[in-house]
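Trainee: Here it is: the structure, laid out below.
The values are calculated or read from the model by the stated rules, or taken from the named source; none is laboratory data. What you are looking at is a predicted structure, and each value in this text was computed from that prediction instead of being measured. Cβ placement follows ideal geometry from the backbone for every residue including glycine, while neighbour counts extend to all protein chains displayed. Heads up: the accessible areas ignore ligands, DNA and RNA and are worked out on the full protein's heavy atoms, side chains in. Shrake-Rupley method; radii C 1.70, N 1.55, O 1.52, S 1.80 Å.
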Amino acid sequence: ARLFQNWNKPDFVVLMSAQQQGYMLPCGCSYPQVGGLERRYNFLQMLKARGWPVVAVDLGDVAQKEGPAKLPNVQGVLKYTYSMKALKEMGYLGVGVGQHEAALSLGRIEGEWAINNDTPAVLVANLENQADFPGFKPLAIETVPGTNFRVGVTNIIGPTVAESIKDPAVNFKKKRGNV
C-alpha cells in the first residue's frame, strides 16, 4: 500500500529483473526477504490492479550457474525451465541470455525453452551464427497491453561475457569501427 502513493497513472511501466541465478524462492540474502518469483508475480499484479500497463523483461542470468558447494549442476536446466514457465505466466516479453545461461550451454537453453516457446522470447542480437540457433531471437516487439505504444527489446552479449563462453559452436559478432 505504501508503494507509489500519490502517483498518477503512467503511460506504461517497464519492469526489468535480472540475475535470478536459479533462485526461485527467496534466497536468504536480505532481510526482509524481497525476492522470489511469487513476490515478483504479486508486484506485477499490484501494478496491473492499479490499471497500469506493464511490459516485463529480464536481463538474463535466470539460470543457476553451478551446483551448490561446487557439486554438478544437475538442477540448473530444470530450474531454468520452471523459471521461464513462471515468467511466461507473468507475461514477460523477453529474457536476455547471460553468462549463467551460457554456462549451461546455449544449445541446451535453446532446446529446453527457446525453440519450443515464443514467449518470453530468448534474446541474443549479436550471435554471428544466428542460423545455428533458430530459437533465439534478436528482438521482441509488442504493443503494451491497454495502450497504442509499441515496445521493442533486445539483448547484446558484452565482450567480457562473450570471451567467457567456451562453447565452440557459439560465435558472436565482433565490434566494427566505433559502433
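Trainee: So which of Gly107, Gly94, Gly67 is modelled with pLDDT under 90 and open to solvent by less than 10 Å² (accessible area, probe 1.4 Å)? Please lay out each step first, then the result.
Mentor: On the way: Gly107 fails: open to solvent by less than 10 Å² (accessible area, probe 1.4 Å); Gly94 fails: modelled with pLDDT under 90.
Exactly one of Gly107, Gly94, Gly67 is modelled with pLDDT under 90 and open to solvent by less than 10 Å² (accessible area, probe 1.4 Å), namely Gly67.
Trainee: Further, regarding this structure: Give the residues of the stretch 44-58 that are over 17 Å from Met24 (Cβ atoms) and either part of a helix (DSSP H, G or I) or of a type in the set (Asp, Glu) (or both), sorted by residue number. Can you show your working first?
Mentor: Initially, the stretch 44-58 is screened for residues over 17 Å from Met24 (Cβ atoms), giving 45-55, 57.
Answer for the stretch 44-58, where residues must be over 17 Å from Met24 (Cβ atoms) and either part of a helix (DSSP H, G or I) or of a type in the set (Asp, Glu) (or both): Gln45, Met46, Leu47, Lys48, Ala49.
Trainee: Which condition number in (1) in contact (Cβ under 8 Å) with a residue 60 or more places away in the chain; (2) farther than 19 Å from Lys137 by Cα; (3) open to solvent by 20 Å² or more (accessible area, probe 1.4 Å); (4) not hydrophobic (A, V, I, L, M, F, W, C) is the one that Pro72 fails?
Mentor: (1)
Trainee: Step by step: first the residues of the stretch 124-139, then only those that are under 16 Å from the mean Cα position of the chain (by Cα) and of a type in the set (A, V, I, L, M, F, W, C), then the one that is surrounded by the fewest Cβ atoms within 10 Å (Cβ to Cβ). Which residue is that?
Mentor: Restricting to residues being under 16 Å from the mean Cα position of the chain (by Cα) and of a type in the set (A, V, I, L, M, F, W, C), the top hit is Leu139.
Trainee: For residues that are farther than 14 Å from Gln21 by Cβ and either in a helix (DSSP H, G or I) or in contact with a helix residue (DSSP H, G or I) (Cβ under 9 Å, 6 or more places away or on another chain) (or both), tally how many sit in the stretch 65-76.
Mentor: In the first step, residues of the stretch 65-76 are kept if they are farther than 14 Å from Gln21 by Cβ; the result is 69-72, 74.
The next check asks that each one be either in a helix (DSSP H, G or I) or in contact with a helix residue (DSSP H, G or I) (Cβ under 9 Å, 6 or more places away or on another chain) (or both); those that pass are 69-70.
Number satisfying all stated conditions: 2.
Trainee: Considering Phe4, Phe12, which residue is of a type in the set (A, V, I, L, M, F, W, C), at pLDDT 85 or above and either more than 23 Å from Asp118 (Cα to Cα) or open to solvent by 90 Å² or more (accessible area, probe 1.4 Å) (or both)? It would help to see each step written out before you state the result.
Mentor: On the way: Phe12 fails: either more than 23 Å from Asp118 (Cα to Cα) or open to solvent by 90 Å² or more (accessible area, probe 1.4 Å) (or both).
Residue meeting the stated conditions: Phe4.
Here's the yes/no breakdown for (1) assigned to a loop (DSSP other than H, G, I, E, B); (2) crowded, with 18+ Cβ neighbours inside 10 Å; (3) over 14 Å from the mean Cα position of the chain (by Cα):
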residue: Gly60; (1), (2), (3): yes, yes, no
residue: Ala63; (1), (2), (3): yes, yes, no
residue: Leu78; (1), (2), (3): no, no, yes
residue: Met84; (1), (2), (3): no, yes, no
residue: Ala102; (1), (2), (3): no, yes, no
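Trainee: What's the number of the only condition in (1) surrounded by fewer than 21 Cβ atoms within 10 Å (Cβ to Cβ); (2) in contact with a strand residue (DSSP E or B) (Cβ under 8 Å, 6 or more places away or on another chain); (3) of a type outside the set (Gly, Ala, Ser) that Arg50 fails to meet?
Mentor: Among (1) surrounded by fewer than 21 Cβ atoms within 10 Å (Cβ to Cβ); (2) in contact with a strand residue (DSSP E or B) (Cβ under 8 Å, 6 or more places away or on another chain); (3) of a type outside the set (Gly, Ala, Ser), the lone unmet condition for Arg50 is (2).
Trainee: Then there's this: I'd like the residue in the stretch 114-162 that is touching a strand residue (DSSP E or B) at 6+ places or on another chain (Cβ under 7 Å) and in a helix (DSSP H, G or I) and, out of all such residues, is nearest to Pro10 (Cα to Cα).
Mentor: The selected residue is Ala114.
Trainee: Continuing with the same structure: Using beta carbons and a limit of 7 Å, which pairs, at least six apart or on different chains, have the first residue in the stretch 42-59 and under 12 Å from Val144 (Cβ atoms) and basic (Lys, Arg) and the second one open to solvent by 90 Å² or more (accessible area, probe 1.4 Å) and at pLDDT 95 or above?
Mentor: Final answer for the pair search is none.
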